[in-house]
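Student: Handing you this structure, nothing more for now.
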Amino acid sequence: MTELLSSDVVRARLDFSYDGTSFHGWAAQPGLRTVQDVLETSLARVVRKADGSPAAALRVTVAGRTDAGVHARGQVAHVDLPVDAWTRLPGRSDREPGEALRVRLAGVLPPDVAMRAVTAAAPGFDARFSALERRYAYRLCDDPASRDPLRRAFVVEHRRSLDAGVLDAASATLTGLRDFAAFCKAREGATTIRDLVEFSWTRPSQGPDAGLVVATVRADAFCHSMVRGLVGAVLAVGEGRRDLAWLGDVAGHPERSQAIAVAPPHGLTLEEVVYPPDDELAARAERTRDRRAESELL
């Protein structure tokens, strides 16, 4: 069912992917190429008023802001469109408006962005605040025999041999609801309290990641550079240069720790954003907003 936020607005859900190599992250920045800027510019080209002129400025809200060089396979966003522009999108075709918009965007987006689906959002949907969790993967290759130059933009080549079991055990000590200030770049007025649901490591023997060392990181949300900070910290343990006592001391630091070597961005991919059932979207968004507001007042 199409959600009418007002009598003349439709909220569209965008599901898309991008290669972050040539982007300066998600958020629009003057003079820099960002995913947000490319997407909003493309929307402005294909969403039109009845007279054929561009619709008013369209602002996209994303589920998770990614840093420069970080990729996304399962990114989600929403944008509010004038209802008259939404209903005109199919033109003379028999497509649904969302599919018509997806096709039009596919014609103007650059090759490093792929719009996989556009749908009318369920009532109460907010790409950012309705999300239950975000799942990232971090990929490394520590085996010269497994190095593949065709995936060098998505896999970090690691010169030292890693023990996935040691990495996994170290990462498990960091999960749970806690303050992750030591691993994040501070943003004024923003909380660094997060619920880290999973931080695990495997060395797959089959599939596209065979031969790699892969981290899975899941949380309700992430603060700026948090995943890369977490990975960088446990890599020091996995290499045998640091121990768990050191990791515990670092984790308890009240602000970003200078002892952590932040992992390179290109090994990181946003794989999935998880949402509750449609009838719980609005309540989830409200709870998330309230919790963030309370945390930022502490």
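Student: Name the single residue that is surrounded by the most Cβ atoms within 10 Å (Cβ to Cβ) among those in the range 220-232 being farther than 17 Å from CYS141 by Cβ, in contact (Cβ under 8 Å) with a residue 60 or more places away in the chain and not charged (D, E, K, R).
Tutor: By that ranking, first place goes to VAL227.
Student: List, please: which pairs have Cβ atoms under 9 Å, are six or more places apart or on different chains, and start with a residue in the range 115-140 that is under 25 Å from GLY207 (Cα atoms) and assigned by TED's automatic domain parsing to the domain that holds VAL46 and end with one that is surrounded by fewer than 19 Cβ atoms within 10 Å (Cβ to Cβ) and basic (Lys, Arg)?
Tutor: none
Student: Which is assigned to a loop (DSSP other than H, G, I, E, B) and under 20 Å from GLU271 (Cα atoms), of ARG128, ARG116, ARG159?
Tutor: ARG128
Student: Taking the residues in the range 181-207 that are of a type in the set (A, V, I, L, M, F, W, C) and within 19 Å of GLY267 (Cβ to Cβ) as candidates, determine which candidate is surrounded by the most Cβ atoms within 10 Å (Cβ to Cβ).
Tutor: Ranking the qualifying residues of the range 181-207, first place goes to PHE183.
Student: Looking at ARG241, ARG218, which is the one that is part of a loop (DSSP other than H, G, I, E, B) and of a type in the set (D, E, K, R)?
Tutor: Among ARG241, ARG218, only ARG241 is part of a loop (DSSP other than H, G, I, E, B) and of a type in the set (D, E, K, R).
Student: Quick check on ASP249: is it acidic (Asp, Glu) and part of a helix (DSSP H, G or I)?
Tutor: yes
Let's see how each residue does on (1) over 28 Å from VAL214 (Cβ atoms); (2) crowded, with 17+ Cβ neighbours inside 10 Å; (3) not basic (Lys, Arg):
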| residue | (1), (2), (3) |
| --- | --- |
| GLY91 | yes, no, yes |
| ARG102 | yes, yes, no |
| MET115 | no, yes, yes |
| ASP126 | yes, yes, yes |
| ASP142 | no, yes, yes |
| ARG147 | no, no, no |
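Student: Here is a further query. Among (1) part of a loop (DSSP other than H, G, I, E, B); (2) among the charged types (D, E, K, R); (3) closer than 15 Å to SER171 by Cβ, there is one condition ARG228 misses while meeting the rest; what is its number?
Tutor: (1)
Student: Looking at ALA283, ALA293, can you tell me which residue is farther than 16 Å from ALA172 by Cα, in a helix (DSSP H, G or I) and at pLDDT 95 or above?
Tutor: Working: ALA293 fails: at pLDDT 95 or above.
After ruling out the rest, the residue left standing is ALA283.
Student: Taking into account only those residues within the range 250-294 that are free of Cβ contacts under 8 Å to residues at least 40 places away in the same chain and of a type in the set (Gly, Ala, Ser), which is farthest from ARG139 (Cα to Cα)?
Tutor: Among those that are free of Cβ contacts under 8 Å to residues at least 40 places away in the same chain and of a type in the set (Gly, Ala, Ser), it is ALA293.
The values are calculated or read from the model by the stated rules, or taken from the named source; none is laboratory data. Predicted, not measured: the structure shown is a model, and the values here were computed from it. Reconstructed Cβ throughout: ideal geometry from the backbone, glycine too, with neighbour counts over all protein chains shown.
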